[in-house]
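Engineer: Here it is, the structure, as structure tokens.
The values are calculated or read from the model by the stated rules, or taken from the named source; none is laboratory data. Not measured: the values here are computed from a predicted model. Backbone-built Cβ (ideal geometry, glycine too); neighbour counts: all protein chains shown. In case anyone asks, the SASA skips ligands and DNA or RNA and just uses the protein heavy atoms, side chains included. Shrake-Rupley method; radii C 1.70, N 1.55, O 1.52, S 1.80 Å.
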Amino acid sequence: MTSTFARVLYGVFLLLLVQCSELSAQETKSWMLQFQHADEIKSSDPQYLSELLSAASDSDVTMTEQEDYFLKYLIAYQQAFNGQWEAAIAKFRTLADDKRFPEINLRVQATLINAFILTHQYQEAFELAEPLMSSLELQQYHDSHDRVYRILALLYSKVGHYETAAALAQKSYQAQISPQSTCISGQLLTEALYHLNELGNSLDMAKGVIGKCQALGEQVFANLTISTLSNYYLDETLFDEAAQWLLESYDSAVSTDYHYLIHRYHYLLGKLFFSKEQPEKARRYLKASVVLAETDQFAGYEPLMHVYRLFADLSSMQRDFEQSIRYLQFYQAQLEAFYETMARRQLAEYLARTDMQLKKQTIALLNKDNELLYLQQEVLQKETQNARLLLGVFLLLLIILAICAYHGLMGRHRFKFMAENDELTGISNRYHFNKQAEKSLKQCQKQGLTAGVILFDLDHFKQINDQFGHATGDWVLQQVVQSCRNFMRIDDVFGRLGGEEFAILLPNCHADKALMLAEICRDSIEEIQTRQSGHEFLLTASFGVTSSDSSGYELKQLLSDADKAMYQAKQGGRNQVQFFSGA
């Protein structure tokens, strides 16, 4: 009886032990699945992630090393999400160095690169991205690579390498790993295609991305894609389509509280209403955009410089030229800040890539040196001193070759600059101006854009030379170029045709805008303080203006017509602007 009872108790004990083991295994498995699920939806549902991390921290169940690694990664992500960048990046670095779990490690590295992007540490981002990208190119595409490709696409788009960004985003988008992945990669792909002027062939794709993101509740990515699509419609003068997308999604964009996105919407709405000739509405949205940008200190942010440009055009439309010039100065400052930001990012990429190549070359060189030293030790054990001498000569030769190559490259750049630019003023000479202007005119004609030409000649310049000397004449030419250059766009072509005669080609510029720029330049020249030259005299110029609407797209004809208009300005008393009437 006792023996039978003991066997029953032992059986019950074994059954409970098995059940507890199964329950523990099930709970362990559920942690891993929950971590993976939280990682997929952390951007759209941060509350779920926060609750899961609290539950995991309070749990008494012993986690596996892999689960503990995943948990530390999610904790670091939450710190980054809450703005604790220094602590989060430190944790990500530690986890990135731990290669025990390759698939999770790829997520860690991708998130660390994203953290570097958001904290503007682009050199660190590229130092991690370059070897990671090289490694992935040697592997067959895997689900774990998807997140890395998305982050790399974002990184390369930040430095203006849109072809690389589009290729990376395309890989992720075509893989269709998950709805979230398709949404995010689709947004990145849409942005890259827009900058490559290829979005027109992928409009259905972009609209599909918007629908996917909205269905998932990913309003940030949905509205970013909408803003890119709307920008395309505005560029194509499809104002009704742009208005429909922007106005219907405006409240959704504002509700995200994502200032970059809200600023972008305000800029695009300002651009829309400016294009539809509704200046008051345009001004209201543009002003909201500027206020938001100044609050967040968006220095070097590309849409902000376009906002100032639109403000300048609005002021010109209302004939407030003083206000227009002030906004053009703001635009110029933002343009310089933007190019400075892009230059810093591209320099970071170049330094990271160069460093990686240098490390590879150093390793290869060291390997070859080791082989050479091994052979020398075997064959010529007593001639180590000669071997060191040979190595020194070899390194010296490399340095000499590098110096020669450097001087040769610098010489070619210097001669090219001297051949294409006016030595005194630094702008294009006649040959280079004609070459660049003809190239720009062909592009305008191909795209159906209007081009303007300004030709101007300094009044009584020979008298200035004769009375005050050639040094003063040279000073005048330099001051005139410097003064006029301040009001030109980056794609305008400015050249000295000879003596005191200058020409400006304005691509994508209508006649009224060309006339306005000529008038601004004329006024700017007249305001030059000549006493700085050591002499005081009146400095003015006569301007002739024409456009492709009046003179066609042949440079020779445009210059000839502008010259006729300039002659009319001279005959009319000088110091004035005349437009070629076609007579």
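Engineer: Indicate, rounded to the nearest 5 percent, the antiparallel portion of the DSSP beta bridges found entirely in the chain.
Structural biologist: Approximately 85 percent, going by the DSSP bridge assignments.
Engineer: Moving to a separate point now. How much net charge surrounds Q170 when only the other residues with a Cβ under 14 Å from the Cβ of Q170 are counted, with Lys and Arg +1 and Asp and Glu -1?
Structural biologist: So the environment of Q170 carries a net charge of -2.
Engineer: What accessible area, in Å² to the nearest ten, does a 1.4 Å probe give for I490?
Structural biologist: Near enough 110 Å² of accessible area.
Engineer: Determine the shape class of segment 234-282: with a ≥ b ≥ c the square roots of the Cα gyration tensor eigenvalues, call it rounded for a/c under 1.5, and otherwise prolate if a/b is greater than b/c, oblate otherwise.
Structural biologist: Judged from the Cα gyration tensor, segment 234-282 comes out prolate (a/c at least 1.5, a/b above b/c).
Engineer: Let me ask another. Shape verdict for segment 428-579, please, from the Cα gyration tensor: rounded (a/c under 1.5), prolate (a/b greater than b/c) or oblate.
Structural biologist: Prolate, because a/c is 1.5 or more and a/b exceeds b/c.
Engineer: Here is a further query. Net charge near G498, counting Lys/Arg +1 and Asp/Glu -1 over other residues with Cβ under 15 Å of its Cβ?
Structural biologist: Net local charge, G498 excluded: -4.
Engineer: Could you sort Y265, Y162, Y567, Y327 by accessible area so the largest value comes first, with the probe set to 1.4 Å?
Structural biologist: Per-residue accessible area, sorted high to low, gives Y567, Y162, Y327, Y265.
Engineer: Please list, or write none, the aspartates and glutamates whose alpha carbon is within less than 17 Å of the alpha carbon of K435, excluding same-chain residues fewer than 8 places away.
Structural biologist: E420, D422, D491, D492, E554
Engineer: List the lysines whose Cα lies under 18 Å from the Cα of K359, skipping any in the same chain that are fewer than 8 positions away.
Structural biologist: Cross-link targets: K368.
Engineer: Measure out, as a whole number of angstrom, how far apart the alpha-carbon centroids of segment 208-234 and segment 505-572 sit.
Structural biologist: Segment 208-234 and segment 505-572 have Cα centres separated by 45 Å.
Engineer: Counting only protein chains, not ligands or nucleic acids, how are D98, D60, D235, D204 ordered by accessible area (probe 1.4 Å), most first?
Structural biologist: D60, D204, D235, D98
Engineer: Roughly what % antiparallel, to the nearest 5, for the DSSP beta bridges in segment 428-579?
Structural biologist: The answer is about 80 percent antiparallel.
Engineer: Quick one: ranking K446, K287 by accessible area, 1.4 Å probe, largest first, what do you get?
Structural biologist: K446, K287
Engineer: If you average the C-alpha positions of segment 310-354 and of segment 269-285 separately, how far apart do those two centres end up, in angstrom?
Structural biologist: A separation of 20 Å, based on Cα centres.
Engineer: Can you pick out the pairs among K462/K570; K158/K207; K42/K91; K72/K99; K439/K570 whose Cα atoms lie more than 21 Å from each other?
Structural biologist: With Cα atoms farther than 21 Å apart: K158/K207; K439/K570.
Engineer: In addition: Out of the total accessible area of segment 428-579 (probe 1.4 Å, heavy atoms of protein only), what percent is carbon and sulfur?
Structural biologist: 44 percent
Engineer: Can you figure out the FRET efficiency of T354 with L391, using R₀ = 30 Å and their beta-carbon distance, to the nearest 0.05?
Structural biologist: 0.80
Engineer: With the crude spin-label approximation of a point 7 Å out along Cα→Cβ, what separation in nm comes out for R531 versus S178?
Structural biologist: 7.2 nm
Engineer: Counting only heavy atoms of protein chains, what accessible area per residue, in Å², does segment 428-579 have with a probe of 1.4 Å?
Structural biologist: 48 Å²
Engineer: Provide the net charge surrounding Q478, with neighbours chosen by a C-beta distance below 14 Å and charges set as Lys +1, Arg +1, Asp -1, Glu -1.
Structural biologist: -2
Engineer: Then there's this: Taking square-rooted eigenvalues a ≥ b ≥ c of the alpha carbon gyration tensor, is segment 314-374 rounded, prolate or oblate, where a/c under 1.5 means rounded and, failing that, a/b exceeding b/c means prolate?
Structural biologist: Prolate, because a/c is 1.5 or more and a/b exceeds b/c.
Engineer: Ok, one more. If you place +1 on the Cβ of every Lys and Arg and -1 on the Cβ of every Asp and Glu, how big does the dipole about the Cα centre of the chain come out, in debye to the nearest 20?
Structural biologist: That gives the chain a dipole magnitude of about 900 debye.
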